[in-house]
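Here is the structure we will look at.
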Amino acid sequence: MPAPNGPHTPDLFAHHTPEPTTQQIGAQAWVLRGFALPWVDQLLPALQAIQATSPFRHMVTVRGFTLSVALTNCGSLGWTSDHRGYRYSPLDPLREAPWPAMPEAFSELATAAALAAGFADFAADACLINHYLPGSRLSLHQDRNERSFEHPIVSVSLGLPAVFQFGGFERSDKALRIPLLHGDVAVWGGADRLRYHGVLPLKAGEHPLLGARRINLTMRKAG
Ligand code: MD3
Ligand code: FE
């Protein structure tokens with residue numbers, strides 16, 4: 001179990017784990033720069049195990065479009081999409097079996113990041129894992145399939161950098177553009193929970209740990 005500041009002592013690994021800086025992007029929305037870096041050594045093997053069991057797949061929207069982002073899930077619930085709609089399900093429709101369990105490193109990181117942003121006692125039961133290749137994007141949307149909007153969402157960026165769009169409460173509202181880098185964690189809840197948001201098309205590049213891709217973990221309390 002990692003200590004509150006991560007598994008490493010800060011001075012020995014100071015060049016790997018700079019003091020996280022916090023950026024407030026909304027009344028109750030925060031970007032915690034580098035907050036996940038001390039957990040990366042635990043996150044990546046756990047991610048490998050999840051995708052070996054429940055592979056990334058491209059889901060289809062209600063309107064019949066295939067998402068350019070591939071996804072999988074872990075936890076007791078996972079987000080799914082098909083022509084009938086969007087919902088959280090205890091079963092992976094590809095395997096008709098439960099999603100892989102949420103690794104401890106995921107839930108501990110989510111709880112610690114939520115607390116750092118002022119949300120006490122956040123306990124995620126679902127983690128949607130998005131896989132971006134160069135060109136993949138996520139158009140502006142709201143996250144509203146969770147049972148309650150009282151809980152925050154914690155997002156962890158890994159691999160190639162992306163430009164996150166932080167919009168308003170109508171799709172047409174002007175969106176802020178915020179770069180998200182490997183190890184950054186974003187937390188949003190309360191008044192900002194239903195903001196439109198998205199990710200611009202991923203630029204080509206090569207990340208030393210993840211290669212030509214970006215992976216985003218979004219930890220939620222869905223049920
Ligand atoms: C909203 N994922 O899975 S991080 C999603 O990077 C999703 O894969 C994106 O939107 C991704 O539903 C975006 C989610 C995020 C992060 C910070 C936010 C949404 C936010 C801050 C304020 C409002
Ligand atoms: Fe979203």
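Got at least one residue in segment 113-129 being over 22 Å from residue 34 (Cα atoms), at pLDDT 95 or above and in a loop (DSSP other than H, G, I, E, B)? Don't jump to the end; show me each part of the working.
To start, the set of residues in segment 113-129 that are over 22 Å from residue 34 (Cα atoms) comprises 125-126.
Now drop any that are not at pLDDT 95 or above, which leaves 125-126.
Cutting the leftovers down to in a loop (DSSP other than H, G, I, E, B) gives us 125.
Yes, there is a match, as at least one residue in segment 113-129 is over 22 Å from residue 34 (Cα atoms), at pLDDT 95 or above and in a loop (DSSP other than H, G, I, E, B).
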Out of curiosity, is residue 184 more than 15 Å from ligand 2 (Cβ to nearest atom) and either open to solvent by 40 Å² or more (accessible area, probe 1.4 Å) or more than 13 Å from the chain's Cα centre (by Cα) (or both)?
no
Check whether at least one residue in segment 140-151 is in contact (Cβ under 8 Å) with a residue 60 or more places away in the chain, away from ligand 2 (no atom under 15 Å from the Cβ) and open to solvent by 20 Å² or more (accessible area, probe 1.4 Å), and report yes or no.
yes
The condition from (1) within 9 Å of ligand 1 (Cβ to nearest atom); (2) within 14 Å of the chain's Cα centre (by Cα) that residue 167 misses is numbered (2)
Does at least one position in segment 130-150 carry a residue that is under 15 Å from the mean Cα position of the chain (by Cα), at pLDDT 95 or above and closer than 17 Å to residue 35 by Cβ?
no
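Answer with yes or no whether residue 101 is at pLDDT 95 or above, part of a loop (DSSP other than H, G, I, E, B) and not basic (Lys, Arg).
On the way: at pLDDT 95 or above: yes; part of a loop (DSSP other than H, G, I, E, B): yes; not basic (Lys, Arg): yes.
Yes, satisfied.
Would you say residue 44 is part of a strand (DSSP E or B), on the phi < 0 side of the Ramachandran plot and either modelled with pLDDT of 95 or more or not hydrophobic (A, V, I, L, M, F, W, C) (or both)?
It is false that residue 44 is part of a strand (DSSP E or B), on the phi < 0 side of the Ramachandran plot and either modelled with pLDDT of 95 or more or not hydrophobic (A, V, I, L, M, F, W, C) (or both).
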Would you pick out the residues in segment 149-176 that are farther than 19 Å from residue 27 by Cα and out of contact with any His (no Cβ under 9 Å at 6 or more places or on another chain)?
156, 162, 163, 172
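Yes/no matrix, rows are residues, columns are (1) charged (D, E, K, R); (2) open to solvent by 40 Å² or more (accessible area, probe 1.4 Å); (3) touching a residue at least 60 places away in the same chain (Cβ under 8 Å):
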residue	(1), (2), (3)
22	no, yes, yes
28	no, yes, yes
35	no, no, yes
40	no, no, yes
48	no, yes, no
54	no, no, no
62	no, yes, no
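The values are calculated or read from the model by the stated rules, or taken from the named source; none is laboratory data. None of these values were measured; they are calculated from a predicted model. Glycine also receives a Cβ, built like all others from the backbone with ideal geometry; neighbour counts cover every protein chain displayed. These accessible areas exclude ligands, DNA and RNA; they are computed on the full protein's heavy atoms, side chains included. Shrake-Rupley method; radii C 1.70, N 1.55, O 1.52, S 1.80 Å.
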